[in-house]
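Report on the structure given below.
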Amino acid sequence: MGTAEQHMPESELWIDEPVAQPRMPDPVRTAAVRAVLIVSLTLIQAMVAFLCTLAGSWLAFPMVLSSVASTVVATWGVLDVWVTRQVWNQRHGVVSSPGSTARRLRRERRRARRA
């Protein structure tokens, strides 16, 4: 006459699992968060402009104008993420080291030149 909780195995509240990709670099993540906020506000603003237009409100025209301006800013925000990511990759990109095959071929060429 026990409860179901007594028969369940104990498990941890939080289990860390390795991720496939590493975390985004801080500048890129900051730009991405900024872009998401700007885009979401732009979408809300566009929806309010559309509803004001349907309702025939005086607020419709200013909202449409500001939605156009917000669309330009949102486009800039998304491009900022892309540019920041490219710049970060160029400055701190993956440092490639030659594999064992390339090292062996270089060693053989060096020996052939010396001989």
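At a 1.4 Å probe radius, carbon and sulfur cover how many percent of the accessible area of the stretch 26-112?
Carbon and sulfur together cover 69 percent of it.
For the pair residue 33 and residue 102, how long in nm is the line joining their label points, each one 7 Å along Cα→Cβ?
According to this spin-label approximation, the distance is 3.6 nm.
Using 7 Å Cα-to-Cβ label points, what is the residue 72/residue 26 separation (nm, one decimal)?
Those two pseudo-labels are separated by 3.3 nm.
How compact and how long is the stretch 11-115, expressed as Rg and Dmax of its alpha-carbon atoms in Å?
In Å, with Rg to one decimal and Dmax whole: 25.8, 89.
Determine ³J(HN,Hα), in whole Hz, for all residues of the stretch 33-41 in sequence, where each value follows from phi through the Karplus function 6.51 cos²θ - 1.76 cosθ + 1.60 and θ = phi - 60°; x replaces Gly and Pro.
Those phi angles translate into 5, 4, 5, 4, 4, 5, 5, 5, 5 Hz.
Could you provide, to the nearest whole Å², the per residue accessible area of the chain with probe 1.4 Å?
About 89 Å² of surface per residue is accessible.
The values are calculated or read from the model by the stated rules, or taken from the named source; none is laboratory data. This is a predicted model, so every value here is computed, not measured. Note that we place each Cβ from the backbone using ideal geometry, even for glycine, and neighbour counts take in every protein chain shown. For accessibility, only protein heavy atoms count, side chains too; no ligands or nucleic acids. Shrake-Rupley method; radii C 1.70, N 1.55, O 1.52, S 1.80 Å.
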